[in-house]
Each structure stands twice: as C-alpha cells, then as structure tokens.
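Visitor: Dropping the structure in here first, questions after.
The values are calculated or read from the model by the stated rules, or taken from the named source; none is laboratory data. The structure displayed is predicted, hence computed values, not measured ones. Ideal geometry is used to build each Cβ from the backbone, glycine not excepted, and the neighbour counts take in all protein chains shown.
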Amino acid sequence: MTTDISKIMNKKRLSITLLPLVIFICLAILFARGLQLDPHKLPSALIGKPLPVFTLTTLDGKTISEKDLQGKVLLLNVWASWCLTCRVEHAELMNIAASHQILIYGLNYKDQLDAANSWLQAFGNPYVATIYDPKGMFALNLGVYGVPETYLIDKQGIIRYKQVGEITNNNWQSVILPLAKTLEKS
C-alpha cells in the first residue's frame with residue numbers, strides 16, 4: 001500500500017514539475033506564431049461593401065455625405081494632427097495629390113478643429129475635402145483600428161482596398177495605384 005501511495009505522490013510531483021514547462025512551451029509557440037503575423041494585414045469586413053451612410057461637416061463647415069464620394073475613384077485617408085505616423089505619411093500624400101492621379105479625401109479622426117486646420121496650414125493640404133469626425137463615430141463604422149488608415153473607393157462608393165498604416169511610395173506604386181487604375185477603367 002505504501003508503494004501505491006508512493007507511486008501516486010511521484011506522479012503528482014512529476015505533473016506539478018512538468019505543468020509549468022508545458023505552459024511555457026505553449027506560450028512560446030503562440031508568441032512565435034504572433035511574430036509571424038503582419039499587423040498591416042488587418043482584415044476589413046467592409047471590403048466589397050459600400051461606404052457607411054453618413055452626413056457630417058468638413059473642416060471648413062460644409063456638409064458632406066457618402067453620396068458626395070460617388071462617381072469617381074478616390075482615396076479616403078484617415079488622419080489626425082496628434083498622429084506622428086500621419087506626419088510621416090503626409091509628404092507622400094502631397095506627392096500623390098500633386099500627381100493628379102487620384103482624388104484624396106481626408107477623414108479627420110478624434111481631433112480638435114483648430115488643431116486639424118493649423119496642421120493642414122503648416123504641412124499642406126492634399127485633400128479635396130476633409131470630413132470632420134471629432135467623436136470618431138464614422139471611423140468606427142468604417143472599422144478604423146487607428147490612424148493612419150486609407151481606403152480605396154470605387155466610382156459606386158464601394159470600398160475596394162484598405163491600407164492600415166502609412167502610405168509609402170512603395171505600397172502606393174506597387175499596390176494602390178495599379179488597383180486604382182484598374183477601377184478607373186471599370
């Protein structure tokens with residue numbers, strides 16, 4: 001009987017000793033898997049669907065709705081004056097706007113009106129118009145994870161592509177511009 005109790009005790013000690021090791025190995029596998037994921041490839045449930053219905057004002061006080069963004073292929077760039085990556089991206093947006101290859105609309109996200117207007121005055125304005133979304137409700141309906149994000153929208157107002165993070169010359173030339181050209185032909 002003492003050998004049975006001894007065997008049970010040894011099994012308990014072994015399982016208690018191995019449990020942290022097993023947990024550590026499982027966590028290491030999950031961590032390694034997470035390192036292989038690209039944070040810029042966040043899925044969007046709205047790809048292939050129309051822009052959400054909205055009526056907001058622009059930074060200059062005009063009313064704008066999703067209907068105003070139909071009839072042309074365009075970019076909708078979500079930005080904020082407090083966003084450091086938006087400042088990095090801004091030079092590329094200015095280059096894209098200057099090339100006249102596509103119209104760019106802005107969506108100013110959770111910002112102060114004065115700060116947003118001052119920011120555009122200081123760094124230049126690549127936008128046809130900038131939708132003002134101080135509470136971020138329209139951005140929430142778009143599925144915005146953070147700023148900057150940019151949506152490529154076709155002539156019918158359908159979201160065709162979502163760029164999470166900044167637009168660089170590389171992703172502009174290799175992904176976004178070719179897709180925009182294809183949409184322009186259809």
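Visitor: Is there any pair with a first residue in segment 66-85 that is on the phi > 0 side of the Ramachandran plot and a second that is assigned to a loop (DSSP other than H, G, I, E, B) and not polar (S, T, N, Q) whose Cβ atoms are under 7 Å apart and which are 6 or more apart or on different chains, and what are they?
Guide: Going by the 7 Å Cβ cut-off, the qualifying pairs are 71/155.
Visitor: Residue under question is residue 145, and the condition is that it be closer than 17 Å to residue 56 by Cα, of a type outside the set (Gly, Ala, Ser) and outside any strand (DSSP E or B); does it hold?
Guide: no
Visitor: Going by what's in this entry, would residue 176 be described as of a type in the set (A, V, I, L, M, F, W, C), closer than 20 Å to residue 86 by Cα and part of a strand (DSSP E or B)?
Guide: When the stated conditions are applied, residue 176 does not pass them.
Visitor: Same structure again: Filter segment 72-91 for residues that are assigned to a loop (DSSP other than H, G, I, E, B) and of a type in the set (A, V, I, L, M) and give the result.
Guide: Correct list: 73, 80.
Visitor: Got a sec? Which of 62, 49 is among the charged types (D, E, K, R), at pLDDT 95 or above and farther than 30 Å from residue 115 by Cβ?
Guide: 49
Visitor: Which pairs do you get when a residue that is on the phi > 0 side of the Ramachandran plot, found in segment 128-157, comes within reach of a residue that is not polar (S, T, N, Q), reach meaning Cβ atoms under 7 angstrom, with the pair 6+ apart or on two chains?
Guide: Matching pairs, first to second residue: 136/109; 136/110; 143/45; 143/46; 157/50; 157/51; 157/66; 157/69.
Visitor: Please find, among 140, 152, 179, the residue that is touching a Lys or Arg at 6+ places or on another chain (Cβ under 7 Å) and closer than 18 Å to residue 53 by Cα. Don't jump to the end; show me each part of the working.
Guide: Numbers: 140 fails: touching a Lys or Arg at 6+ places or on another chain (Cβ under 7 Å); 179 fails: closer than 18 Å to residue 53 by Cα.
Just one listed residue meets the conditions, 152.
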